[in-house]
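What follows is a single structure, written as structure tokens, with notes after it.
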Amino acid sequence: MRSFWGTLGRGPLRDIGLVCLAVGLTSVSYGAIAVASGFPVWFPALLGVLVLAGSAEFMFTGILAAGGSVLAALLASLLVNARHVPYGLAIPEVTRDGLRGWRRLVATHVMNDESVLFALAQHDLARKRAAYWACGLGVLVAWPLGAFCGSLLGAVIPDPDVLGLDAMFPAALLALVLPALRVRGPRRAALAGAALALCLTPLLPVGLPVLLALAGLVLLRGTPDPGVREAS
């Protein structure tokens, strides 16, 4: 198997590295908030390795810190993570084909917003797999490591929110998505999904509006590939 460098090249690997850095810095905020809320120092990092789903972990620790039950925290976290169902349907050739046993389990475990985004941005199977694994494994290292560093900070910083690190992650994802929005089809789908999410946010629990915003993808039917430049 060729290396990530030989398959992807400098540009995609640089982007993957920057996103993993943003993920790690975001998890610093998560770890700090978790420890400041009363969780032990080791808890955010352990949860980061076993769950590896940032929004679900924020939800889980937030509900427990507010006095909610473990069952309520689990159900809410599963609901937020329901977006992984369409993720798995979008890239079956990456996470299933040719993989058996523990390799398939690991491939499923490292499925997240970033690894799926980078995989879908590639135009052949080898590059999809390389991008998926490079980003997935990078997040697997960056997220728990950042959470552990944040948990150490949380023991000495009374208000971790002042760090503002949680804004870096969505900003990094937005930067990756912006080039695709130059094409009419993806731009129309993204605007429709954003409008739908904004309308539903006051009405539905956290996480559901974003999940239902995927309905905007129906507008992609019959549109050209985002990677193909529109004819001038």
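Summarise the accessible area of segment 1-101 (1.4 Å probe, protein heavy atoms) by the percent that is carbon and sulfur. Before the final figure, lay out the partial values.
Values: 3560 of 5040 Å².
The nonpolar share, carbon plus sulfur, comes to 71 percent.
Ranked by solvent-accessible area (1.4 Å probe, protein heavy atoms only, all chains present), the residues His84, His109, His123 order from largest to smallest as His123, His109, His84.
Looking at segment 58-133, which chymotrypsin sites (Phe, Trp or Tyr not before Pro) are DSSP coil and have at most 11 other C-beta atoms within 10 Å of their C-beta? Before the final figure, lay out each step's value.
Numbers: sites: Phe58, Phe60, Tyr87, Trp102, Phe118, Tyr132, Trp133; in loops: none.
Loop-located and lightly packed - none at all.
Which value, in Å², gives the accessible area per residue of segment 68-149 when a 1.4 Å probe is used on the protein heavy atoms? Result: 49 Å² per residue. The calculated P(r) of segment 20-78, using every Cα pair and 5 Å bins from 0, goes 4, 20, 32, 28, 12, 3, 1 in percent.
Computed across segment 47-126, the Kirkwood hydrodynamic radius from all distinct Cα-Cα pairs reaches 13.9 Å.
Using 0.36 nm per residue and subtracting the Cα-Cα separation, the extra length available between Trp42 and Ala194 on full extension is 51.1 nm.
Averaging Cα coordinates gives a centre for segment 1-60 and one for segment 71-137; these two points are 15 Å apart. When the surface is traced with a 1.4 Å probe over the full set of protein chains, Ile33 keeps roughly 50 Å² accessible.
The values are calculated or read from the model by the stated rules, or taken from the named source; none is laboratory data. As the structure is a prediction and not an experimental result, all values here were calculated from the model. Reconstructed Cβ throughout: ideal geometry from the backbone, glycine too, with neighbour counts over all protein chains shown. Note: areas computed on protein heavy atoms with side chains; ligands, DNA, RNA excluded. Shrake-Rupley method; radii C 1.70, N 1.55, O 1.52, S 1.80 Å.
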